[in-house]
Amino acid sequence: KSPTVPNVDGSVNNTEEDDEEDGVELAANSLLNKLIRQSLVESSHRVEVLQKDPSSPLYSVKTFEELRLKEELLKGIYAMGFNRPSKIQEMALPMMLAHPPQNLIAQSQSGTGKTAAFVLAMLSRVNALELFPQCLCLAPTYELALQTGRVVERMGKFCVDVQVMYAVRGNRIARGTDVTKQIIIGTPGTVLDWCFKQKLIDLTKIRVFVLDEADVMIDTQGFSDQSIRIQRALPSKCQMLLFSATFEDSVWQFAERIIPDPNVIKLRKEELTLNNIRQYYVLCRSRKDKYQALCNIYGGITVGQAIIFCQTRQNAKWLTVEMMQDGHQVSLLSGELTVDQRASVIQRFRDGKEKVLITTNVCARGIDVKQVTIVVNFDLPVNQAEEPDYETYLHRIGRTGRFGKKGLAFNMVEVDKLPLLMRIQDHFNSNIKQLDPEDMDEIE
Ligand code: ADP
């Protein structure tokens with residue numbers, strides 16, 4: 001049985017059936033998010049700030065110019081298409097770029113601009129003329145380290161002579177090599193090895209230390225201790241920054257151990273609501289019947305893009321084959337795919353190359369379905385005890401109040417599952433209307 005794994009957004013999957021994919025690893029989920037995200041996630045919340053010195057004035061910036069960055073860095077930012085700082089960057093950047101440097105713990109959901117912010121901080125503090133490691137960034141996996149490195153390369157495009165090196169397993173450097181690259185991004189174990197065993201990096205010369213994805217980090221055996229050992233060897237004037245997408249107590253305790261005298265910045269996550277979703281259900285006798293109802297819906301209304309959720313991998317496969325045989329263009333997002341393959345399925349769907357995406361619970365966590373107007377629960381989400389899984393229901397069809405478009409949700413319900421649906425309806429205090437699949441005119 002798969003263990004209960006918290007998701008990037010802090011929710012917990014406890015809904016897998018025996019046939020369901022094992023909990024997708026946090027790191028894989030986080031990577032997937034990065035691979036598919038091309039723009040900022042919007043937020044209607046205010047950034048909460050806790051200053052280490054409450055009497056010092058609180059600065060925020062509305063433009064990148066106000067930060068008085070190096071010319072080549074500003075050029076890099078604009079070349080990435082950034083016009084103004086994101087919500088979290090407005091507050092975080094002045095703190096991160098202050099003189100003397102300030103330490104920071106920042107929490108906001110993925111996609112809100114944290115990576116861009118600390119990459120900017122590293123690039124602005126690096127001295128290209130000095131040929132030794134000056135900035136050190138810890139990430140939970142090789143792939144995540146690479147993603148951050150890509151951002152450094154893009155943003156630092158005009159910062160000639162600034163270079164990145166990856167301290168990750170498999171990147172073997174001969175002992176005694178003179179490491180001349182200024183920015184090191186790596187996983188804790190390898191970084192520790194490079195610093196203490198191989199003596200490739202002199203930690204006393206590090207100016208900026210970044211611990212990214214702290215929530216993923218503490219979930220990985222040994223990474224917290226290794227990170228702390230690295231941090232202990234840094235000079236006291238080194239700037240220390242920690243980022244996390246979630247903030248459970250365990251992350252917070254770790255953050256406080258590793259970041260001395262921090263400022264704290266938080267941006268709360270948007271709540272999902274069902275308010276602007278019209279919900280329907282169709283009563284069915286069998287799986288075939290559900291499929292027929294699905295086809296009727298599909299034929300009856302002008303469908304933009306749809307995501308169809310199945311409870312098991314097996315059902316998802318079956319449905320994919322059925323739909324394909326009937327000539328529909330569908331794709332299947334399955335837990336058997338690698339993260340890269342999953343990212344490419346999602347990307348194709350986002351580009352509109354496929355109109356229907358069929359998936360199971362676990363795979364679809366963290367996918368932004370904003371553009372999708374129709375969500376179908378081919379199976380109602382239930383937990384292991386066959387109780388309704390409200391959390392998953394909300395995740396599948398809910399939208400964030402202010403930014404989400406209106407949507408339609410259809411539940412295919414076998415007669416014996418009707419009580420489950422009624423409980424879901426009561427739980428959310430919402431109205432799920434019954435639909436006659438032969439008569440689509442009922443859909444308003
Ligand atoms: P996080 O680290 O919080 O997940 P990122 O820094 O990766 O967020 O940013 C999410 C997405 O938004 C990325 O595609 C990034 O290029 C983009 N982005 C970041 N900052 C800005 C900005 N100020 N303006 C426009 N886009 C931005």
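Residue check: Gly113 meets all listed conditions (1) at positive phi; (2) modelled with pLDDT under 95 but one, namely (2). Candidates in segment 114-125 are the residues that are near the ligand (Cβ under 9 Å from one of its atoms), of a type in the set (A, V, I, L, M) and in contact with a strand residue (DSSP E or B) (Cβ under 9 Å, 6 or more places away or on another chain); of these, the one that is farthest from Val210 (Cα to Cα) is Ala117. A search for C-beta distances below 7 Å between a residue of segment 69-82 that is over 15 Å from Val162 (Cα atoms) and any residue that is more than 10 Å from the ligand (Cβ to nearest atom) and of a type in the set (D, E, K, R), counting only pairs 6+ apart in sequence or on different chains, returns Ala79/Lys157. Among the helices (runs of 4 or more DSSP H) confined to segment 88-198, the ones with at least 3 residues that are farther than 27 Å from Glu248 by Cβ are located at 114-125, 142-155. Among the criteria (1) crowded, with 19+ Cβ neighbours inside 10 Å; (2) within 11 Å of the ligand (Cβ to nearest atom), the one Thr141 does not fulfil is (2). For segment 30-65, the candidate set comprises residues that are part of a helix (DSSP H, G or I), within 24 Å of the chain's Cα centre (by Cα) and not hydroxyl-bearing (Ser, Thr, Tyr); within that set, the residue that is surrounded by the fewest Cβ atoms within 10 Å (Cβ to Cβ) is Leu35. Within segment 98-116, no residue that is farther than 21 Å from Ile77 by Cα and β-branched (Val, Ile, Thr) sits with its Cβ atom under 7 Å from a residue that is at pLDDT 95 or above and near the ligand (Cβ under 6 Å from one of its atoms) at 6+ positions apart or across chains.
Which of the following residues is under 30 Å from Asp340 (Cα atoms), touching a residue at least 24 places away in the same chain (Cβ under 8 Å) and of a type in the set (Ser, Thr, Tyr): Ser60, Ser30, Ser44?
Working: Ser60 fails: under 30 Å from Asp340 (Cα atoms); Ser44 fails: under 30 Å from Asp340 (Cα atoms).
So the residue among Ser60, Ser30, Ser44 that is under 30 Å from Asp340 (Cα atoms), touching a residue at least 24 places away in the same chain (Cβ under 8 Å) and of a type in the set (Ser, Thr, Tyr) is Ser30.
Leu294 meets the stated requirement of being at negative phi, in contact (Cβ under 8 Å) with a residue 60 or more places away in the chain and surrounded by 20 or more Cβ atoms within 10 Å (Cβ to Cβ). State all residues of segment 208-222 that are at pLDDT 95 or above and either surrounded by fewer than 23 Cβ atoms within 10 Å (Cβ to Cβ) or more than 22 Å from Leu31 (Cα to Cα) (or both); if no residue qualifies, say none. The one that is at pLDDT 95 or above and either surrounded by fewer than 23 Cβ atoms within 10 Å (Cβ to Cβ) or more than 22 Å from Leu31 (Cα to Cα) (or both): Val208.
Go through segment 236-259 and report how many residues are assigned to a loop (DSSP other than H, G, I, E, B), touching a helix residue (DSSP H, G or I) at 6+ places or on another chain (Cβ under 9 Å) and over 30 Å from Thr400 (Cα atoms).
Final tally of qualifying residues: 2.
Of the residues making up segment 85-113, those that are within 19 Å of the chain's Cα centre (by Cα) and either within 13 Å of the ligand (Cβ to nearest atom) or more than 23 Å from Asp215 (Cβ to Cβ) (or both) number 12. Of all the listed residues (Gly335, Gly304), the sole one being in contact (Cβ under 8 Å) with a residue 40 or more places away in the chain and in contact with a helix residue (DSSP H, G or I) (Cβ under 7 Å, 6 or more places away or on another chain) is Gly335. Is it the case, given these coordinates, that Ala128 is at pLDDT 95 or above, closer than 30 Å to Gln221 by Cα and more than 9 Å from the ligand (Cβ to nearest atom)? Spelling it out, it is not the case that Ala128 is at pLDDT 95 or above, closer than 30 Å to Gln221 by Cα and more than 9 Å from the ligand (Cβ to nearest atom).
How many residues are in a helix (DSSP H, G or I) and either away from the ligand (no atom under 13 Å from the Cβ) or more than 20 Å from Gly156 (Cβ to Cβ) (or both) if we restrict to segment 66-84?
To start, the set of residues in segment 66-84 that are in a helix (DSSP H, G or I) comprises 66-67, 71-79.
Add one more test, that the residue is either away from the ligand (no atom under 13 Å from the Cβ) or more than 20 Å from Gly156 (Cβ to Cβ) (or both), and what stays is 66, 71-73, 75.
Total satisfying the criteria: 5.
Pick out the one residue from Ser60, Ser43 that is farther than 22 Å from Gly156 by Cα, within 13 Å of the ligand (Cβ to nearest atom), modelled with pLDDT under 95 and in contact with a helix residue (DSSP H, G or I) (Cβ under 7 Å, 6 or more places away or on another chain).
Details: Ser60 fails: within 13 Å of the ligand (Cβ to nearest atom).
None of the other options fit; the residue is Ser43.
Just one residue in the set Met422, Met412 is outside any helix (DSSP H, G or I) and surrounded by 14 or more Cβ atoms within 10 Å (Cβ to Cβ); that residue is Met412.
The number of residues in segment 211-235 that are among the aliphatic types (A, V, I, L, M) and part of a loop (DSSP other than H, G, I, E, B) comes to 2. Of Lys157, Lys197, Lys205, all but one fail to be over 20 Å from Ser30 (Cβ atoms) and either within 16 Å of the ligand (Cβ to nearest atom) or under 20 Å from the mean Cα position of the chain (by Cα) (or both); the exception is Lys157.
The values are calculated or read from the model by the stated rules, or taken from the named source; none is laboratory data. In this text, all values refer to a predicted model and were calculated from it rather than measured experimentally. All Cβ positions, glycine included, derive from the backbone under ideal geometry; neighbour counts span all protein chains shown.
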